[in-house]
Amino acid sequence: QDYLYREIGGFDSVETLRVDTRALAEDAWVADRVRHAELVYMAGGDQGRYVDAWTGTRLAAAVEEARRSGAILGGTSAGQMILGGVVFAARQGSITSAEALRDPFDPALDLVPSVFALPSAQGFVLDTHFGARDRFGRLLVFLARARAAQPAITYGLGVDEATAVLVEPDGSGRVVGSGAAYVVRLTREATLVAGRPVDGLAAEYRAVLAGEALSLATPLGAMPPSVAVIRAGVLDPADPYAP
């Protein structure tokens, strides 16, 4: 992990723990190392492995204890997705926007409760690689499905590649990097039917560019948001991404 010293700096020591089984996630030594960390950063890969191996374990409790003690938590790709209030687990493989819009109950659309209790993100479902992989449509379906199970889920937040949202404990934050973060909130819900395209779902959204503020407490901000509608499985606008 020498890049942490060269490109970020300020660290006295760095440890990498590959915890990919529940046995390791219940290991007392692993939990102790995490409990005393000042920064816990979850790598990308397979969020289903996080969900299956970490949920409800000694390690998950240690991550929460570290957070309560002031540690910074973060993640990339799968490691970011597990930080929301509802997680797309992807245990049946990934799903594209077109597939999710065509069938909102596709077996691959695998949503589960959060792995960690992050207060500022509990009302969100998160997504990654957002513009590069055209994930706007699937995030709207994630949000609609998540709200049906947990009405406290209010927003979707999609983050571009090479981009991050830095959030303070009070929920205030900013976007950094080379892309944008996208906040979505449903304004009209629709009845979702297995095997049938999503129809009538509407949302408001905001693209937050690098350098701009993004508060998770009021993520849509004060500016008038843009509007997206799904009709017969087709997203309008077809290209909702910031230039």
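The criterion of being open to solvent by less than 30 Å² (accessible area, probe 1.4 Å) and under 17 Å from Val229 (Cβ atoms) does not hold for Val159.
Applying the condition of being part of a loop (DSSP other than H, G, I, E, B) and open to solvent by less than 40 Å² (accessible area, probe 1.4 Å) to the range 1-22 and asking which residue is nearest to Arg68 (Cα to Cα) yields Val19. Taking the range 2-22 as the range and being farther than 18 Å from Phe116 by Cβ and among the charged types (D, E, K, R) as the test, the residues that pass are Asp2, Arg6, Glu7, Asp12, Glu15, Arg18. In the range 23-44, of all residues being open to solvent by 60 Å² or more (accessible area, probe 1.4 Å) and touching a Gly at 6+ places or on another chain (Cβ under 9 Å), the one that is nearest to Phe116 (Cα to Cα) corresponds to Tyr41.
Return yes when Gln92 is of a type in the set (S, T, N, Q) and buried (at least 16 other Cβ atoms within 10 Å of the Cβ) and no when it is not. No, not satisfied. Return yes or no: is Ala89 in contact (Cβ under 8 Å) with a residue 12 or more places away in the chain and closer than 22 Å to Leu39 by Cβ? No: the conditions fail for Ala89. Scan the range 103-119 and tell me whether some residue there is surrounded by fewer than 24 Cβ atoms within 10 Å (Cβ to Cβ), of a type in the set (A, V, I, L, M), closer than 16 Å to Leu186 by Cβ and touching a residue at least 24 places away in the same chain (Cβ under 8 Å). For the range 103-119, residues surrounded by fewer than 24 Cβ atoms within 10 Å (Cβ to Cβ), of a type in the set (A, V, I, L, M), closer than 16 Å to Leu186 by Cβ and touching a residue at least 24 places away in the same chain (Cβ under 8 Å): present. Here Gly45 passes the criteria (1) under 26 Å from Gly123 (Cβ atoms); (2) at pLDDT 95 or above except the one numbered (2). Take the conditions surrounded by fewer than 16 Cβ atoms within 10 Å (Cβ to Cβ), modelled with pLDDT of 95 or more and outside any loop (DSSP other than H, G, I, E, B) and apply them to Ala62. Does it pass? Considered against the rule, which asks whether it is surrounded by fewer than 16 Cβ atoms within 10 Å (Cβ to Cβ), modelled with pLDDT of 95 or more and outside any loop (DSSP other than H, G, I, E, B), Ala62 comes out as no.
The values are calculated or read from the model by the stated rules, or taken from the named source; none is laboratory data. Quick caveat, the model's predicted, so the values are computed rather than measured. Virtual Cβ from ideal backbone geometry, glycine too; neighbours counted across all protein chains shown. Accessible surface areas use protein heavy atoms only, side chains included; no ligands, DNA or RNA. Shrake-Rupley method; radii C 1.70, N 1.55, O 1.52, S 1.80 Å.
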